[in-house]
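Data block below; observations after.
The values are calculated or read from the model by the stated rules, or taken from the named source; none is laboratory data. Just so we're clear, the structure is a prediction, and the values are computed from it rather than from any experiment. In this analysis, Cβ positions are derived from the backbone assuming ideal geometry, glycine residues included, and neighbour counts consider all displayed protein chains. Ligands, DNA and RNA are excluded from the accessible area calculation, which covers all protein heavy atoms including side chains. Shrake-Rupley method; radii C 1.70, N 1.55, O 1.52, S 1.80 Å.
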Amino acid sequence: MSAEIMIALAVLNAGGQIISGISEKQEARLNAFQFGTEDKLNKVTAMQQAQARRQEYDLATSANIAAFAATGRDITTDRSVEAFLERQKEIVRKDTSRIDQQAQFQSMKTSLGQMTERRRGRNALYSSLFSAAGTAGETIYRLDQTKAPDGSED
């Protein structure tokens, strides 16, 4: 094989390796962006769930107060009514706290996914650059090995 063909093939091979690494890095960036989008969606969903839970509480509290009043119980002085309403507040606080905590766990998971994807992309690019350098070095070595002796002695 002629030296020109070997060099051309090496350049094509190295170029292909670099382009592959660049493509993988771009794909990883898109995946990381997707994780970021998922994180924002999860946060919005959690806020909506917490708001819906608070609205349920407000409706149930209004209904319970109306029911207590309809039975003739004084909601301002009846200790059992007060204890019941206080317990309902505690339940809704725990529910919304769980929703918030779950959203934080999801956020940590998506952040880790973003970091992992970015690292994967960088590693793919670096690997392609080293492979391309190796291809170039191997070609130079082969050319040197196959070079015809020039007749001079060192």
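Worth pointing out:
- P(r) histogram, all alpha-carbon pairs of the stretch 13-105 included - 5 Å bins from 0, percent: 3, 12, 13, 13, 9, 8, 8, 6, 6, 5, 4, 4, 3, 3, 2, 1, 1, 0
- Working note: Cα gyration tensor of the stretch 85-154, eigenvalues times five, square-rooted, sorted largest first, giving semi-axes of 68, 6, 4 Å.
- When each of the peptides 77-85, 116-124, 33-41 is scored by the mean number of other C-beta atoms lying within 10 Å of its residues, the order from highest to lowest reads 116-124, 33-41, 77-85.
- Dipole of the chain computed with +1 at Lys/Arg Cβ and -1 at Asp/Glu Cβ about the Cα centre; of A28, I65, I140, farthest Cα towards the positive end is I65.
- Extending 7 Å from the Cα toward the beta-carbon at both E38 and K89 defines two label points whose distance is 3.9 nm.
- Between 0 and 90°, nearest 10: helix 79-146 axis offset from the chain longest Cα axis: 0 degrees
- Å² of accessible area per residue within the chain, as computed with a 1.4 Å probe and no ligands counted: 74 Å²
- For the stretch 71-120, the orientation-averaged shadow of the C-alpha convex hull comes to 4.2 nm² (one quarter of the hull surface).
- Here the stretch 1-151 is treated with +1 on each Lys and Arg Cβ and -1 on each Asp and Glu Cβ, and its dipole about the Cα centre works out to around 260 debye.
- Normalised contact order of the chain, rounded percent, pairs of Cα under 8 Å and 6 or more residues apart: 53 percent
- Of A103, A32, A66, the one that fluctuates the most in a GNM where the chain has Cα springs shorter than 10 Å: A66
- Among A60, A70, A46, the largest mean-square fluctuation in a Gaussian network model of the chain (Cα springs under 10 Å) belongs to A70.
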